[in-house]
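Worksheet for the structure shown next.
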Amino acid sequence: MIKRNKWILFVTSLVILLPMAVGLILWNQLPEQMPTHWGADGQVDGYSSKLFGVLGLPAFMLGIHWLCVVLTAAAPKHNNVSGKALHLVFWICPATSLIVGFITYAQVLGLQMNVTLIMLLLMGVLFFAMGNYLPKCKQNYTVGIKLPWTLNDEANWDSTHRFAGKLWVVGGIVMLATAFLQNIWVFLGIVMVLSIVPMIYSYLYYRKHTSEE
């Protein structure tokens with residue numbers, strides 16, 4: 001898998017390191033302590049050295065990126081991961097690196113922004129996108145709703161992912177609609193529903209079809 005997608009891996013790795021290049025260009029304008037963590041209220045609650053902020057964060061993200069790709073390639077049934085789902089694996093870390101880099105540099109250069117709103121909107125977009133990918137996922141151990149019942153029964157897998165796909169698309173839209181409330185509890189409630197309901201659906205499907213045998 002890695003060999004087939006080596007150019008995508010190369011490009012995504014470069015994208016992850018773009019904030020590093022920007023940081024080096026802006027080096028003399030950056031403070032010695034840079035914001036690297038934000039609380040649920042969107043306020044900075046953690047700082048790191050300029051060296052770590054510019055070089056360490058992108059390098060750490062690159063390591064996570066490669067780890068995700070290697071684990072995906074090594075997982076059983078990795079060939080069943082659809083092309084669209086595979087692109088999601090390849091592009092999540094680059095997108096995260098760009099967003100975090102932009103927010104960090106904008107913050108230290110005095111550009112005011114609502115970090116909470118940005119993150120809630122992005123999560124809504126992410127769930128909406130994943131909802132479109134889920135029904136296309138074949139059985140695999142990397143991407144999807146991996147439960148004993150879905151992994152042991154292809155029909156359960158397909159039915160669960162069709163259901164979850166529709167639910168996540170709707171959930172993504174609800175997240176986008178409620179993002180402007182900037183209420184972390186509303187967001188967490190939606191995430192819990194999107195996480196737990198497909199599991200319950202899968203288990204009920206398993207129980208129903210087991211009892212019919």
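The values are calculated or read from the model by the stated rules, or taken from the named source; none is laboratory data. Everything numeric here is computed off the predicted structure, so don't read it as measured data. So basically every Cβ, Gly included, is an ideal-geometry build from the backbone, and we count neighbours across all protein chains shown. When the accessible area is computed, the model is the full protein with side chains, heavy atoms only, and any ligands, DNA or RNA have been set aside. Shrake-Rupley method; radii C 1.70, N 1.55, O 1.52, S 1.80 Å.
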Quiz prompt | Backbone HN-Hα couplings from phi across segment 93-101 [Karplus 6.51/-1.76/1.60, Hz, Gly and Pro as x] | solution = 5, x, 5, 5, 4, 5, 5, 5, x
Quiz item: Roughly how big is the chain's charge dipole about its Cα centre, with Cβ charges of +1 (Lys, Arg) and -1 (Asp, Glu), in debye to the nearest 20?
Solution: 620 debye
Quiz item: Measuring with a 1.4 Å probe in the full set of protein chains, what accessible area per residue, in whole Å², belongs to segment 71-213?
Solution: 55 Å²
Self-check item: Area accessible to solvent at L188, 1.4 Å probe radius, in Å²
Solution: 70 Å²
Quiz item: Dipole of segment 86-194, Cα-centred, from +1 at each Lys and Arg C-beta and -1 at each Asp and Glu C-beta, to the nearest 20 debye?
Solution: 80 debye
Exercise. Report the full-extension gain for the segment A59 to K3: residue separation times 0.36 nm, less the Cα-Cα distance, to one decimal in nm.
Key: 17.9 nm
Practice problem: Evaluate the charge dipole of segment 136-207 about its Cα centre and quote only its size in Debye, nearest 20, assuming +1 on the Cβ of each Lys and Arg and -1 on the Cβ of each Asp and Glu. | Solution: 60 debye
Self-check item: Using θ = phi - 60° and Karplus 6.51 cos²θ - 1.76 cosθ + 1.60, couplings along segment 30-43 (whole Hz; Gly, Pro as x)
Solution: 8, x, 5, 10, 10, x, 10, 8, 10, x, 4, 8, x, 8
Quiz item: Measuring from centroid to centroid over Cα atoms, what is the spacing of segment 85-115 and segment 1-49 in Å?
Solution: 7 Å
Practice problem: Cross-chain or 8 or more residues apart, Cα under 20 Å: how many lysine pairs in segment 45-196 fit that? Count them up, please. | Solution: 12
Quiz item: Considering only P135, Q112, I145, whose Cα is most displaced toward the positive end of the charge dipole of segment 101-213, charges sitting on Cβ of Lys, Arg (+1) and Asp, Glu (-1)?
Solution: Q112
Quiz item: Applying the Karplus parametrisation 6.51 cos²θ - 1.76 cosθ + 1.60 with θ = phi - 60° to the phi angles of segment 134-148, what ³J(HN,Hα) value in whole Hz is obtained for each residue in order, glycine and proline being reported as x?
Solution: 3, x, 8, 7, 8, 4, 7, 9, 10, 10, x, 8, 9, 10, x
Quiz prompt | Amide H within-cut-off set for Y47, under 5 Å, with H built and near neighbours excluded | solution = T36
Quiz item: Residue farthest toward the positive end of the dipole of segment 146-213, with Cβ of Lys/Arg at +1 and Asp/Glu at -1: which of L176, A155, I190?
Solution: L176
Quiz prompt | Nearest 10 degrees, 0 to 90: helix 154-178 Cα axis against the chain principal axis | solution = 40 degrees
Self-check item: Within the accessible area of the chain (1.4 Å probe), percent carbon and sulfur
Solution: 69 percent
Self-check item: Projected label distance in nm at C68 and L111, using a 7 Å step from Cα toward the beta-carbon
Solution: 2.3 nm
Quiz item: To the nearest 0.05, what FRET efficiency results for V11 and I200 with a Förster distance of 41 Å applied to their C-beta separation?
Solution: 0.55
Quiz prompt | Taking the chain and dividing mean pair separation by its residue count, relative contact order in percent (alpha carbons under 8 Å, at least six apart) | solution = 20 percent
Exercise. Calculate, for N28 and R162, the FRET efficiency according to 1/(1 + (r/R0)^6) with r their C-beta to C-beta distance and R0 45 Å; round to the nearest 0.05.
Key: 0.25
